[in-house]
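Chemist: The structure's right below; bear with me while I get my questions together.
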2 protein chains.
Amino acid sequence: MPDNTSLIDHFNWRYATKVFDATRKVNDADLATLEEALRLTPSSFGLQPWHFLIVTDEEIREKLLPLSWNQKQVTECSHYFVLCTRTDVDVDYIDRFVSEIANDRGTTIEELQGYRDVMVDFVSRMPSVERLTWATRQTYLALQRLMDTAALLEIDACPMEGFSAPQYDEVLQLSEKNLTASVCCAIGYRSAEDKYASLAKSRFPKEEVISYL
Amino acid sequence: MPDNTSLIDHFNWRYATKVFDATRKVNDADLATLEEALRLTPSSFGLQPWHFLIVTDEEIREKLLPLSWNQKQVTECSHYFVLCTRTDVDVDYIDRFVSEIANDRGTTIEELQGYRDVMVDFVSRMPSVERLTWATRQTYLALQRLMDTAALLEIDACPMEGFSAPQYDEVLQLSEKNLTASVCCAIGYRSAEDKYASLAKSRFPKEEVISYL
């Protein structure tokens, strides 16, 4: 596995890519790794309140472009990921998750009753707005998992919050699937013309962001 | 760097560690890597609206334990990370960030004026509750960066949302630093007695969480 220096080198290597080389595509093996990395992302109670849409269709991407401040990454990247959050994390959903655990672990739903009840209690307490806020934070874990997996595979990425979620939901027909677009991530390879690639990464010094108690 | 299989192996290896080996401590080199990985975490506009508190003091940890549903990870892990979100991301803060960029890139504040104005406009539009919600999502990026860096170094971690943030803020005197505790992460090494270590990871199948358009 990576040594400490190599890890940090990769975290320094990544940056929010502004210009992608539209001719280069992520290969199937790397794509499968990004997908599996996303699928394995941890989440609160393991509830996975998300869905990941990978947009390759050019026409759809053209439609998304003006809904995304015309950021060219949408159409020029290799694969455009729309990370969606579920709007239906309720008792039925939890029961579906509990069935999945029972299945994955060869145990019974009865044995998982205590865990189920804790989750139902936790989720039921939250008004729906708060529930979506909580679920969206989990989707951001997936975003970081995606960005870092890409960086470690030396694939470029650009996280994107600048888009109209209501319009994405409409164009991508997300509402009827109980989903809403939370954050996007363009994936591919930097163009030699991206002047942002060579800018020094700017971060506050360690003393400002880390302290011990 | 890691090949695809090794990456996925590490993501499968990690789990939310319930029982830590209280005798094992993360060494200084690995700790420095975790710190630097956190510091380099990407965020919206690069604004880094966070602070990372690493709690090693045993007395403080004992105080946090009952505020954390008595989850023993708080006291038994090697290093207990409290990921805090800034509550003061305002024009002054943005100006401080712009100075940092000017400094890091050897450019002038004047040249960064356009970028500054976009950030000020973005942040000023949000009511303070929404601003904290947005900033907290960034802190979750840092949480995933921390968990995955640990996993790649074969260090165990347990993300923890189950604690009283208002009481943490009081005990850790966070409010006076314009911070609030958003999420925690116990870091260290799994105990041989943690039965959760051998449970199959439960995730929905790929078809349910990933689709192409």
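Okay, residues lined up against (1) more than 10 Å from chain A (Cβ to nearest Cβ); (2) of a type in the set (D, E, K, R); (3) farther than 28 Å from A:C158 by Cβ:
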{"position": "B:A135", "(1), (2), (3)": "yes, no, no"}
{"position": "B:Q138", "(1), (2), (3)": "no, no, no"}
{"position": "B:Q144", "(1), (2), (3)": "no, no, no"}
{"position": "B:G162", "(1), (2), (3)": "no, no, yes"}
{"position": "B:A165", "(1), (2), (3)": "yes, no, yes"}
{"position": "B:D169", "(1), (2), (3)": "yes, yes, yes"}
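A quick yes/no check of all residues on (1) of a type outside the set (A, V, I, L, M); (2) farther than 26 Å from A:G188 by Cα:
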| position | (1), (2) |
| --- | --- |
| A:G46 | yes, yes |
| A:W50 | yes, no |
| A:R61 | yes, no |
| A:L64 | no, no |
| A:Q73 | yes, no |
| A:S78 | yes, no |
| A:C84 | yes, no |
| A:D90 | yes, yes |
| A:A102 | no, yes |
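Chemist: Let me ask something else about it. Are any of the residues in region B:77-93 in a helix (DSSP H, G or I) and buried (at least 18 other Cβ atoms within 10 Å of the Cβ)?
Modeler: Taking every residue of region B:77-93 in turn, none turns out to be in a helix (DSSP H, G or I) and buried (at least 18 other Cβ atoms within 10 Å of the Cβ).
Chemist: Just to be sure I understand, how many residues within region B:159-192 are more than 13 Å from B:S68 (Cα to Cα), open to solvent by less than 10 Å² (accessible area, probe 1.4 Å) and out of contact with any Asp or Glu (no Cβ under 9 Å at 6 or more places or on another chain)?
Modeler: Counting residues in region B:159-192 that are more than 13 Å from B:S68 (Cα to Cα), open to solvent by less than 10 Å² (accessible area, probe 1.4 Å) and out of contact with any Asp or Glu (no Cβ under 9 Å at 6 or more places or on another chain) gives 2.
Chemist: Give me a count of the residues in region A:8-17 that are without any contact (Cβ under 8 Å) to a residue 60 or more places away in the chain and not charged (D, E, K, R).
Modeler: Summing the residues that are without any contact (Cβ under 8 Å) to a residue 60 or more places away in the chain and not charged (D, E, K, R) in region A:8-17 gives 1.
Chemist: Could you list all residues from region A:34-71 that are out of contact with any strand residue (DSSP E or B) (no Cβ under 8 Å at 6 or more places or on another chain), open to solvent by 10 Å² or more (accessible area, probe 1.4 Å) and not in a helix (DSSP H, G or I)?
Modeler: Within region A:34-71, A:D57, A:W69, A:N70 qualify.
Chemist: Counting only residues that are open to solvent by less than 50 Å² (accessible area, probe 1.4 Å) and not in a loop (DSSP other than H, G, I, E, B), which one in region B:16-31 is nearest to B:S191 (Cα to Cα)?
Modeler: B:F20
Chemist: Still on this structure: Which ones in region B:193-208 are open to solvent by less than 80 Å² (accessible area, probe 1.4 Å) and in contact (Cβ under 8 Å) with a residue 12 or more places away in the chain?
Modeler: Across region B:193-208, the qualifying residues are B:D194, B:A197, B:L199, B:K201.
Chemist: State all residues of region A:71-108 that are closer than 18 Å to B:A200 by Cβ and either free of Cβ contacts under 8 Å to residues at least 12 places away in the same chain or acidic (D, E) (or both); if no residue qualifies, say none.
Modeler: Passing the criteria: A:R96, A:S99, A:E100, A:A102, A:N103, A:D104, A:R105, A:G106, A:T107, A:T108.
Chemist: Are there any helices (runs of 4 or more DSSP H) wholly within region B:107-213 with 3 or more residues that are touching a strand residue (DSSP E or B) at 6+ places or on another chain (Cβ under 9 Å), and if so which?
Modeler: Here the list reads B:128-152, B:165-171.
Chemist: Out of curiosity, is B:S182 closer than 30 Å to B:Y93 by Cα, small (G, A, S) and within 11 Å of chain A (Cβ to nearest Cβ)?
Modeler: Yes, satisfied.
Chemist: If you don't mind, there's one more thing I want to ask. Kindly indicate whether A:S211 is open to solvent by 20 Å² or more (accessible area, probe 1.4 Å), at the interface with chain B (Cβ under 8 Å from one of its Cβ atoms) and among the polar types (S, T, N, Q).
Modeler: Spelling it out, A:S211 is indeed open to solvent by 20 Å² or more (accessible area, probe 1.4 Å), at the interface with chain B (Cβ under 8 Å from one of its Cβ atoms) and among the polar types (S, T, N, Q).
Chemist: Considering only region A:51-66, I want to know if a residue exists there that is within 16 Å of the chain's Cα centre (by Cα), modelled with pLDDT of 95 or more and among the acidic types (D, E).
Modeler: For region A:51-66, residues within 16 Å of the chain's Cα centre (by Cα), modelled with pLDDT of 95 or more and among the acidic types (D, E): absent.
Chemist: For residues that are surrounded by 24 or more Cβ atoms within 10 Å (Cβ to Cβ) and of a type in the set (K, R), tally how many sit in region B:138-158.
Modeler: Residues flagged as surrounded by 24 or more Cβ atoms within 10 Å (Cβ to Cβ) and of a type in the set (K, R) within region B:138-158 amount to 0.
Chemist: Quick one: would you say A:N103 is facing chain B (nearest Cβ under 7 Å), open to solvent by 40 Å² or more (accessible area, probe 1.4 Å) and over 19 Å from the mean Cα position of the chain (by Cα)?
Modeler: Criteria not met by A:N103.
Chemist: Just the residues that are touching a residue at least 24 places away in the same chain (Cβ under 8 Å) and among the acidic types (D, E), please, taken from region B:18-38.
Modeler: Restricting attention to region B:18-38, the residues satisfying the condition of being touching a residue at least 24 places away in the same chain (Cβ under 8 Å) are B:18-22, B:24-26, B:30-31, B:33-34, B:37-38.
If the condition is that a residue be touching a residue at least 24 places away in the same chain (Cβ under 8 Å) and among the acidic types (D, E), then B:D21, B:D30 are the ones that fit.
Chemist: Give the residue, chosen from A:L153, A:L199, A:L141, that is touching a Leu at 6+ places or on another chain (Cβ under 7 Å) and closer than 30 Å to B:D104 by Cβ.
Modeler: Going through A:L153, A:L199, A:L141 in turn, the sole match is A:L141.
Chemist: Hey, among A:S68, A:S44, which residue is more than 7 Å from chain B (Cβ to nearest Cβ) and among the small types (G, A, S)? If you could, list the steps in order and put the result at the bottom.
Modeler: Values: A:S44 fails: more than 7 Å from chain B (Cβ to nearest Cβ).
One residue alone meets the criteria, A:S68.
Chemist: On to the next question. With A:L174, A:L152 as the choices, which residue is farther than 26 Å from B:S182 by Cα, facing another protein chain (nearest Cβ under 9 Å) and touching a residue at least 60 places away in the same chain (Cβ under 8 Å)?
Modeler: Unique residue meeting the criteria: A:L152.
The values are calculated or read from the model by the stated rules, or taken from the named source; none is laboratory data. Everything numeric here is computed off the predicted structure, so don't read it as measured data. Cβ coordinates were reconstructed from backbone atoms using ideal geometry, including for glycine residues, and neighbour counts include every protein chain displayed. The protein model used for the area step is the full one, side chains on, heavy atoms only, and it has no ligands, DNA or RNA in it. Shrake-Rupley method; radii C 1.70, N 1.55, O 1.52, S 1.80 Å.
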